[in-house]
Every structure is written in C-alpha cells, then in structure tokens.
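The values are calculated or read from the model by the stated rules, or taken from the named source; none is laboratory data. Here the structure is a predicted model, which is why all the values come from computation and not from measurement. So basically every Cβ, Gly included, is an ideal-geometry build from the backbone, and we count neighbours across all protein chains shown. The area values use the complete protein model at the heavy-atom level, side chains included, leaving out ligands, DNA and RNA. Shrake-Rupley method; radii C 1.70, N 1.55, O 1.52, S 1.80 Å.
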Amino acid sequence: GLTASIGETSMSARMLQERLMEVGYFHGEATGFFGPQTQQSLERFVRDMGLSEPSDNVTIKTEAYILAAADIPLDEEEIPYIRESSSASDVREMQRLLRFFGYYRGRTNGLYDEALRSAILAYQIDHGLVADSSDAGAGHVGPLTRRSLAVDKRRHSVSLRADKMLLSHTLSEALAERGELVTTYLTPGQTGQEVTRLQEQLADAGFFPVEEINGVYGPLTTESVLAYQHDRGIITSD
C-alpha cells in the first residue's frame with residue numbers, strides 16, 4: 001500500500017511517490033524516501049482534493065483518493081467553451097454542469113441568456129477568475145474557466161470513486177474480523193477471483209444470490225455490499 005510516514009525509506013514511500021507523480025503532484029525522483037518534497041506534494045494533493053487529512057503520513061482515506069485520482073485523468077476537452085455563438089448542445093451541457101455545482105437554476109434550454117451568463121459570472125467570481133462583470137471574459141467560459149470547471153468535475157469524480165473504495169475497504173475489514181478475508185480494494189467494474197470471493201462471502205451471509213456469482217463487480221454486487229454494510233451498522237447512509 002501507500003501508507004508511508006515522513007522520515008521513512010520504504011517501498012510504500014516509493015509507491016507513494018510514483019502514484020503522486022502519475023497524478024501530477026510529484027516531480028522528483030522516486031527514491032523511496034519520504035522527505036520534505038514528498039510531503040509538499042502530498043500536502044498539495046490533499047488540499048486540492050478538499051481533504052482534511054495530514055501531510056506527514058498517508059491515511060487510508062488519502063490512499064483511496066490517490067488511487068482514484070490515478071484512474072480519473074483531468075480532461076478539459078469534456079468542458080465546452082461558452083459564449084453567445086456557442087451551439088445549443090454545448091450550452092445545454094454547461095447549464096447542466098453549472099446546475100450540478102449549484103450556480104444555474106434556469107431551464108436546460110440550450111440558450112445563452114442572462115440566467116446562464118449570471119451563473120457563469122457567479123462561478124468565476126467565487127473561484128477568483130474575475131473580479132466583476134466588467135472583466136474580460138466575464139460571463140463566458142474561456143480557457144481559465146474551462147480548466148477550473150474541469151478540475152472541479154474531476155475532484156467530484158475522484159471523491160465518488162474514493163468513497164466507494166473506502167466502503168469496500170471497510171467491508172473487507174469487517175469480514176476479516178470474522179475470519180472471512182478479502183485482501184484487496186474492490187470497486188465497481190473490477191473482475192476476477194477476489195470479486196468472486198467477495199460475492200461468495202456475501203452469499204454466505206445472505207446478501208447475494210448464489211446463482212449470480214460471476215466474479216464481476218456490477219450493480220448487484222454494489223447493492224449487496226451496501227445492504228451488508230447497512231445491516232452490520234458499518235454505514236448509516238449511501
């Protein structure tokens with residue numbers, strides 16, 4: 001795993017450096033020594049992900065976020081440029097995105113109107129991209145606003161994936177206490193023997209239909225994991 005601490009030299013610290021390098025936060029040589037450069041890189045990652053975890057060691061939560069971030073690249077191409085001449089499909093996509101972030105409350109009509117312009121402006125002001133409506137680019141989605149939206153969208157996706165990984169890890173710990181060991185992080189979309197083992201354990205506990213055991217972590221496995229966690233008091237909400 002990546003659970004290393006400041007001052008240590010270990011394979012875990014090397015793996016941490018390699019993972020942070022993979023997600024764009026570590027730019028030195030992966031030496032395996034958890035020194036100031038590694039701590040600074042980890043601190044930036046923790047801050048950018050909106051976490052309150054320490055930077056002098058890697059917690060289970062931080063590890064889940066790093067692993068999730070490695071699976072979800074920053075894709076600015078997903079975010080359209082927006083101005084008066086933008087296509088209706090691009091405008092609708094921006095309306096949906098800004099509604100998700102809590103800035104747009106109008107209809108998804110594909111029209112660049114005052115409601116959308118005001119929503120873009122409010123987002124830009126909140127993120128320090130413009131000072132007011134008189135600034136260049138205010139109310140339009142140009143390169144800087146596009147990148148900020150891409151970062152926010154990725155952060156949300158990383159958070160969702162990391163939370164699912166943490167839920168699976170919690171389940172693994174609970175099963176391990178009962179002598180029913182699942183040895184790795186398991187997340188939706190994975191396949192293989194570890195998933196089969198998880199499904200068998202859930203089936204033994206009465207939470208998964210035996211005839212559906214197939215080694216594929218799909219919607220049914222996800223529902224069964226959540227049902228198990230609720231029943232055992234591991235979580236109280238989805």
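Points worth noting:
- Annotation note: Cβ proximity below 7 Å between a residue of the range 131-152 that is under 16 Å from residue 104 (Cβ atoms) and free of Cβ contacts under 8 Å to residues at least 24 places away in the same chain and a residue that is among the small types (Gly, Ala, Ser) and not in a strand (DSSP E or B) (sequence gap 6+ or interchain) occurs for 139/133.
- Residue 54 within 30 Å of residue 167 (Cβ to Cβ) and without any contact (Cβ under 8 Å) to a residue 12 or more places away in the chain: yes
- The listed residue being basic (Lys, Arg), touching a helix residue (DSSP H, G or I) at 6+ places or on another chain (Cβ under 9 Å) and either on the phi < 0 side of the Ramachandran plot or not in a loop (DSSP other than H, G, I, E, B) (or both), out of 96, 14, 107, 47: 107
- Qualifying residues in the range 5-61 (those that are of a type in the set (D, E, K, R) and over 21 Å from the mean Cα position of the chain (by Cα)) - the one most open to solvent (accessible area, probe 1.4 Å): 29
- Some residue of the range 75-89 being within 23 Å of the chain's Cα centre (by Cα), free of Cβ contacts under 8 Å to residues at least 12 places away in the same chain and outside any loop (DSSP other than H, G, I, E, B): yes
- Residues in the range 112-151 that are closer than 21 Å to residue 87 by Cα, assigned to a helix (DSSP H, G or I) and among the β-branched types (Val, Ile, Thr): 120, 145.
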